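What follows is one structure encoded as structure tokens, with my remarks underneath.
The values are calculated or read from the model by the stated rules, or taken from the named source; none is laboratory data. Model, not experiment: these values are computed from the prediction. Cβ coordinates were reconstructed from backbone atoms using ideal geometry, including for glycine residues, and neighbour counts include every protein chain displayed. Heavy atoms of the whole protein, side chains included, go into the accessibility calculation; ligands, DNA and RNA do not. Shrake-Rupley method; radii C 1.70, N 1.55, O 1.52, S 1.80 Å.
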Amino acid sequence: MSGFIGDLLEGIVDFVTDIWVLRRQRAANGRGANSWSEDAADTAVFNAWVIGLSILALAAGSIMVFVLKLPLWMSFGPLLAVGVYVGYRWIALTRA
């Protein structure tokens, strides 16, 4: 039970830290400050996209290796694509 509570607290602290970093980056870029609720909603949507795309990249990589019998290095293609897209979306989020 303590592991679950620790993971839950870690997730909450991580989410609040993401919002704080987003607000700091927007302020450093000279952008107007949004309300905390708008930034929390933006961060929640961003995190949902990251988790969803990561699951899809893992599934695609697993299919490539175990079903299609492609070399292991080829399975990193979906992961690389998701990483580039997430980086692009983070930059777009901090400039909004």
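Some observations on this one:
- Solvent-accessible ranking of Leu70, Leu93, largest area first, probe 1.4 Å: Leu70, Leu93
- Expected 222 nm ellipticity per residue - DSSP helices of 4 or more, -39500 (n - 2.57), all of the chain, to 500: -27500 deg cm²/dmol
- Computed over neighbours whose Cβ is under 13 Å from that of Leu22, the net charge equals +1, Lys and Arg +1, Asp and Glu -1.
- Distance from the C-alpha centroid of region 43-96 to that of region 8-35: 23 Å, rounded to the whole angstrom.
- Using a probe of 1.4 Å on the protein chains alone, the accessible area found for Ser37 is around 80 Å².
- Between helix 76-95 and the chain there is an angle of about 10 degrees, using the helix long axis and the longest principal axis of the Cα atoms.
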